[in-house]
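Here is the structure we will look at.
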Amino acid sequence: MTEHEVDIITISQEDGGEEDFEVVTYFENPSTGIKYVFLVPTSASEEEEQDVYPFRYSENGDDLVLSPVEDDAEWEMLEEVLQTLLDAEEI
């Protein structure tokens, strides 16, 4: 992926609507092999603080199958990963 390409993932909402999210980064936990993707809504402006949403994912052909992160320990680990990546300016 070049610097100017942006991966966009469209997520269907419970109300039937759809929302586009930009991929911030992908991460695979080396201990468990679980794959994660961090997303931000494309509707967020550059100036405002952006919420980052982590999801587990698996690949089904060319499609990503997203699963919510529901475990508190997993959330904490992902927050640390995201902060480490931000501190290292890798994202």
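None of the figures in this text is laboratory data; all of them are computed from the coordinates on show. Note that the coordinates shown come from a computational prediction; the quantities given were computed from them, not determined experimentally.
Computed values, structure above
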| read-out | value |
| --- | --- |
| Which labelled figure in (i) -1.21; (ii) -1.38; (iii) -1.02 is log10 I(q)/I(0) by the Debye sum over Cα atoms at q = 0.22 Å⁻¹, once derived from the coordinates | (ii) |
| Gain upon complete extension [VAL40, ASN60; 0.36 nm per residue less C-alpha separation] | 5.0 nm |
| Mean separation of Cα contacts under 8 Å, 6 or more apart, over the residue count of the chain: relative contact order % | 16 |
| Cα gyration tensor category, rounded, prolate or oblate, for region 38-91 with a/c compared to 1.5 | oblate |
| 222 nm mean residue ellipticity, helices alone, for the chain (DSSP H n ≥ 4; -39,500 (n - 2.57); rounded to 500) | -6000 deg cm²/dmol |
| Other-chain or far-sequence residues with amide H under 5 Å of THR42's (modelled H) | ASP20, PHE21, GLU22 |
